[in-house]
Amino acid sequence: MSTIDPDAGEVVEAERRLRSAADDGDARAAGKLGELLEERGNLAAAERRYRQAAEAGDRTGIFHLLLLLNRHGDVGDAVELLRRGVDAGHTAAMVALTFTGVLEPAEAEELLRRAAEAGEVTAPRPLAKMYADSGDLATAEWWYRRAIDAGDMTAFRELSAALFGVGRSGDAAAVSREGAEAGDAFSIYSVAMDLLRSGDYVEAEGWFRRAIDAGVVEAMSPFAYMFEKQGDDAAAEEWYRRSLESGHRHSARALAALLAKRGATAEAVEVLRAAVEGSPAWLVNQLEDDLERLTGTV
């Protein structure tokens, strides 16, 4: 049987086309080629292609170059490159420079506003957050709406959080529902949580399932809790286990408590001990407290 990857030829051809286009000055192709090279571990070549893309103002190239340089501690080099991009009028560079932490708030606001007013779709949301953090919610809301109009789904979440933070819980819930109806997965999760808190378990179940189907694994643990509140321990156990298997180690505590309640103390102890390894210190302390309560020893 042949061990040749049937897709290998397609990958080679795709790389050839990207390289040819990049060599002809196509910034977008250079950025994509950089991604391909970085995936292979060829970081030096990836950086060269990202630089090519970034210097031409390509948003993807700027983003990936900034991440790559930041991982290697070359922030100064990234800042210099971004400043050149700003001087050349590249709006994506304006936005990226505000994330490096080298600007004063007033400078960052000015750059974000320039980029947003020039049509840069990634600028309205960070600009809105600046206003929200400074307490100017009216202006923040206006810019969040600009971000939403540009297709930035995360703006729904940030706007909802900002409204909730000033006590406008009804408006926050309305924004979450609006985001959910627009297809934002975390807004769907927020709607489910609002319904859970209000005790509307019937409607909440449908929203939780939508959130989980959309890939929001954070929804599994509260979904399990909802079943537990209703006395459906079997469903609760299933979803706590799925949450734990998805990497949410905090679910070990709820799962262990449920197991202990039905007399499966040995399994509960096993679940807690398995979760201790690799957990952050704050969670380890809680897990060990639970173990001590169950066994009298850690």
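The values are calculated or read from the model by the stated rules, or taken from the named source; none is laboratory data. Since the structure is predicted, the reported quantities are computational estimates derived from the model, not experimental observations. So basically every Cβ, Gly included, is an ideal-geometry build from the backbone, and we count neighbours across all protein chains shown.
A few notes on this one:
- Of the residues in the stretch 184-191, not one is modelled with pLDDT of 95 or more and more than 29 Å from ILE148 (Cβ to Cβ).
- If you check ALA204, ALA234, ALA211 for being more than 30 Å from GLY170 (Cα to Cα) and at pLDDT 95 or above, only one passes: ALA234.
- Listed here are the helices (runs of 4 or more DSSP H) enclosed by the stretch 178-280 that have at least 3 residues being within 30 Å of LEU159 (Cβ to Cβ) and under 25 Å from the mean Cα position of the chain (by Cα): 185-198, 201-213, 220-229.
- In the stretch 57-72, the residues that are over 16 Å from LEU36 (Cα atoms) form Cβ pairs under 7 Å with partners that are modelled with pLDDT under 75 and not acidic (Asp, Glu), at six or more places apart or across chains, as follows: LEU69/VAL75.
- LEU195 out of contact with any strand residue (DSSP E or B) (no Cβ under 9 Å at 6 or more places or on another chain), of a type in the set (A, V, I, L, M, F, W, C), surrounded by 16 or more Cβ atoms within 10 Å (Cβ to Cβ) and within 18 Å of ALA211 (Cβ to Cβ): yes
- Answer residue from the stretch 83-102, given it is touching a residue at least 24 places away in the same chain (Cβ under 8 Å), assigned to a helix (DSSP H, G or I) and not small (Gly, Ala, Ser) and is surrounded by the fewest Cβ atoms within 10 Å (Cβ to Cβ) among those: ARG84
- Considering residues of the stretch 108-166 that are β-branched (Val, Ile, Thr) and not in a loop (DSSP other than H, G, I, E, B) only, the residue nearest to THR60 (Cα to Cα): THR154
- Some residue of the stretch 38-50 being of a type in the set (Phe, Trp, Tyr) and either within 30 Å of GLY135 (Cα to Cα) or free of Cβ contacts under 8 Å to residues at least 12 places away in the same chain (or both): no
- Single residue of the stretch 269-281 satisfying the filter (closer than 11 Å to ARG249 by Cβ and either aliphatic (A, V, I, L, M) or at pLDDT 95 or above (or both)) that is surrounded by the most Cβ atoms within 10 Å (Cβ to Cβ): LEU272
- Within the stretch 103-155, tally of residues that are within 20 Å of GLU55 (Cα to Cα) and surrounded by fewer than 16 Cβ atoms within 10 Å (Cβ to Cβ): 2
- Close pairs from the stretch 111-134: first aromatic (Phe, Trp, Tyr), partner assigned to a helix (DSSP H, G or I), Cβ under 6 Å, at least 6 apart: TYR131/THR139; TYR131/ALA140
- Flag if ALA174 is under 25 Å from TYR225 (Cα atoms) and without any contact (Cβ under 8 Å) to a residue 12 or more places away in the chain: yes
- With a requirement of 1 or more residues that are closer than 21 Å to ALA78 by Cα and at pLDDT 80 or above, the helices (runs of 4 or more DSSP H) lying completely within the stretch 1-58 that satisfy it span 27-39, 43-55.
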